[in-house]
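Dropping the structure in here first, questions after.
A short reminder: the numbers here are calculations on the coordinates, not readings from a lab. Note that the structure is a prediction, hence the values are computed from the model and not measured. Here the Cβ positions follow ideal geometry from the backbone for every residue, glycine too, while neighbour counts run over all protein chains shown.
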């Protein structure tokens with residue numbers, strides 16, 4: 001059955017795979033190719049499991065502007081490679097989803113993440129669970145085809161609740177596609193104005209469902225990000241036609257899609273249970289089990305067990321890279337991670353249904369205070385969540401709150417707060433410790 005992991009080793013493996021132990025860049029270069037380097041022909045890019053993307057430069061002496069362009073392309077490629085490694089990054093909070101990449105890749109900036117979306121290599125859409133994620137553009141289509149049966153099954157009931165007829169849905173879809181055809185992009189407000197001008201008597205509570213439907217069914221996706229202007233200091237990506245924006249979609253179906261989905265999910269999480277995969281993807285348990293089993297047969301994953309957990313609940317599936325990290329003890333969490341400020345909805349917790357190595361469930365009420373699925377941003381020490389943090393909208397100070405019985409060293413968090421400020425191009429914030 002392979003390696004047996006105690007919770008300390010399990011945490012180490014997960015932090016390594018999640019890109020949170022400081023070793024992601026080295027792993028990416030060794031496992032998937034060269035990240036952000038320039039070859040003799042002047043081509044800068046990222047060589048990954050699905051191909052090579054890059055920007056072609058000029059051999060020989062480089063103009064400073066060309067060098068800047070190459071550096072920007074390399075940084076965007078790093079962002080794309082990280083999304084590709086993690087497979088999907090929760091993105092319902094646009095600002096937080098950018099930091100989910102920045103916290104894992106020192107030197108990356110929010111502008112680099114935006115550049116990856118503008119380059120068409122990363123998109124923001126609904127790949128599974130009815131939840132927005134950042135995903136590799138090439139993967140969104142086949143992911144949705146695999147997971148849509150369960151997700152779309154509840155849509156008619158939702159439309160009935162909203163009072164939306166099938167005819168209204170079809171009409172809105174048609175005029176949306178027509179408005180976006182030809183390389184056009186629209187934000188949510190502009191698209192809803194298109195519906196009004198087409199004579200559709202739509203209700204305000206329809207807009208989210210209509211846009212979700214357009215994206216979930218693969219007609220549209222969120223792609224390019226407009227420049228900040230006026231009140232829109234951090235504008236969201238705009239809607240585009242998926243068929244026009246995504247240049248090289250991958251085509252996977254059936255068992256091939258299951259194997260790819262299981263493999264990519266495990267590689268980005270390290271060590272997971274069957275339930276972890278089924279919950280994360282909202283796939284039937286039998287499909288999750290088949291995907292994992294076929295991935296093991298193909299040599300993509302290996303089996304292991306969680307120490308002191310008997311029966312099926314103790315079965316784990318690991319990536320070979322994670323297995324190597326566990327066996328060598330490389331990248332020990334206590335030495336490599338220290339203190340971190342993770343964003344809301346980070347895969348550190350939401351990537352698993354059973355997250356006890358990273359988090360004590362006794363603090364669930366503090367992590368999700370409204371009991372509404374809105375996970376707060378977390379303060380992490382040596383791989384374990386020890387509190388939450390939030391940015392004060394008025395003062396821009398970061399207010400950190402320890403969980404009951406935990407202690408937060410504000411001074412030790414200062415370098416992470418400074419790194420986050422550089423990522424967003426903001427002044428370094430004050431750190432304030434608050435009571436639970």
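Just need the relative contact order of segment 142-245 here, percent rounded to a whole number, with Cα pairs under 8 Å and 6+ apart. Please list the in-between numbers first.
Numbers: 98 pairs, mean separation 31.5, N = 104.
Result for segment 142-245 is 30 percent.
Place a label point 7 angstrom from the Cα of residue 434 along the Cα-to-Cβ direction, then list the residues of segment 382-403 whose backbone nitrogen is under 12 Å away.
388-402
Still on this structure: Kindly provide the Kirkwood hydrodynamic radius of segment 123-179 in Å, to one decimal, from all pairs of distinct alpha carbon atoms. Before the final figure, lay out the partial values.
Numbers: mean 1/r = 0.0777 Å⁻¹.
Hydrodynamic radius (Kirkwood, Cα only) of segment 123-179 equals 12.9 Å.
Can I ask one more? Quick one: order 408, 368 by neighbouring beta-carbon count within 10 Å, fewest to most. Mind showing how you got there, number by number?
On the way: 408 21, 368 14.
With the sparsest Cβ surroundings first, the list reads 368, 408.
What full-extension length gain, to one decimal in nm, is calculated for residue 407 and residue 198 as 0.36 nm per residue of separation minus the Cα-Cα distance? Spell out each step's value before the answer.
Values: separation 209, 0.36 × 209 = 75.24 nm, distance 5.75 nm.
Taking 0.36 nm per residue and subtracting the Cα distance, the gain is 69.5 nm.
Ranked by Cβ crowding within 10 angstrom, fewest neighbours first, how are 166, 276 ordered?
Going from sparsest to densest Cβ surroundings: 166, 276.
Would you list 403, 375, 222 from fewest to most Cβ contacts within 10 Å? Write down the numbers at each step before the final one.
Values: 403 23, 375 20, 222 26.
By the 10 Å Cβ count, ascending: 375, 403, 222.
Would you please state which residues of segment 374-393 a label at residue 7 would reach in this model, taking the label point 7 Å out along Cα→Cβ and a backbone N cut-off of under 14 Å?
Once the point is set 7 Å along Cα→Cβ of residue 7, 383-386 turn out to lie under 14 Å by backbone N, inside segment 374-393.
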